[in-house]
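Scroll down for the structure; my scribbles are underneath it.
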Amino acid sequence: MNLPEPLPPEVEAIALKALESRVTAQLKMTKVDFSSRYEAGEKRTFRSPLDDARLGIVYRTDPEAEWRITDRAALRQHLETFPGNFVARLVIVGDEAEVLAVLDQYASHLLEEISEVPDEVFNAALRESRETGQAVAPGITKVKPGGSLTVKPDERAGDAIKRMVDAGLLTWDGRRALPTGEQREAS
């Protein structure tokens, strides 16, 4: 029997990259199955059912609450009660063709002065809330973001996972294996 020549390493790299994409997609779908069961700060360690070898941990981070502008309109309404918070600027209200025709001339009928609260004032109110630990105005709220879910395999989990694949508990790509007919009959 004639064996084909060994595949070039580039083919191996392509195959590994394709597998990485499939495994990444499967990991995202699998995490959806259990993500809601983890409260902020919760951590669980998992071991192989075959030999109690440490497989890794799954945990949800517990981030600190942070101040955010959650209702910009309410905050703007509050900030507008302080005259020093307004900035006047000119805006173009005519159509572009008309503005281009008179750009080299003073054309006051194309300009309108408006007053607004600049972003720096919003940011200052948010910064003051952070510094004082209190919402300094309506529309600013201290929000605790949801923690991110992390799956961290143990550095020595590879051998234990291979044994689980060999025992038929996992498939070659890490998915949970369905029980065989013999396994179903034995249970």
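Exactly one of (1) hydrophobic (A, V, I, L, M, F, W, C); (2) at pLDDT 85 or above; (3) not in a helix (DSSP H, G or I) is unmet by Trp172. Its number?
So the condition that Trp172 fails would be (2).
Any idea which of Val117, Val102, Val58, Val32 is out of contact with any Lys or Arg (no Cβ under 6 Å at 6 or more places or on another chain) and either over 25 Å from Lys152 (Cβ atoms) or touching a residue at least 12 places away in the same chain (Cβ under 8 Å) (or both)?
Numbers: Val117 fails: out of contact with any Lys or Arg (no Cβ under 6 Å at 6 or more places or on another chain); Val58 fails: out of contact with any Lys or Arg (no Cβ under 6 Å at 6 or more places or on another chain); Val32 fails: either over 25 Å from Lys152 (Cβ atoms) or touching a residue at least 12 places away in the same chain (Cβ under 8 Å) (or both).
Result of the check over Val117, Val102, Val58, Val32: Val102.
Does Ala40 fit the bill of being in contact with a strand residue (DSSP E or B) (Cβ under 9 Å, 6 or more places away or on another chain) and either surrounded by 12 or more Cβ atoms within 10 Å (Cβ to Cβ) or closer than 30 Å to Ala167 by Cα (or both)? Break it down stepwise before answering.
Working: in contact with a strand residue (DSSP E or B) (Cβ under 9 Å, 6 or more places away or on another chain): yes; either surrounded by 12 or more Cβ atoms within 10 Å (Cβ to Cβ) or closer than 30 Å to Ala167 by Cα (or both): yes.
Against the criterion (in contact with a strand residue (DSSP E or B) (Cβ under 9 Å, 6 or more places away or on another chain) and either surrounded by 12 or more Cβ atoms within 10 Å (Cβ to Cβ) or closer than 30 Å to Ala167 by Cα (or both)), Ala40 qualifies.
Among the numbered criteria (1) over 20 Å from the mean Cα position of the chain (by Cα); (2) part of a loop (DSSP other than H, G, I, E, B), which one does Asp62 miss?
The single condition Asp62 does not satisfy is (1).
Checking Asp52 against (1) modelled with pLDDT of 95 or more; (2) part of a helix (DSSP H, G or I); (3) charged (D, E, K, R), which test does it fail?
(2)
The values are calculated or read from the model by the stated rules, or taken from the named source; none is laboratory data. Here the structure is a predicted model, which is why all the values come from computation and not from measurement. FYI the Cβ positions are ideal-geometry reconstructions off the backbone, even for glycines, and counts take in every protein chain you see.
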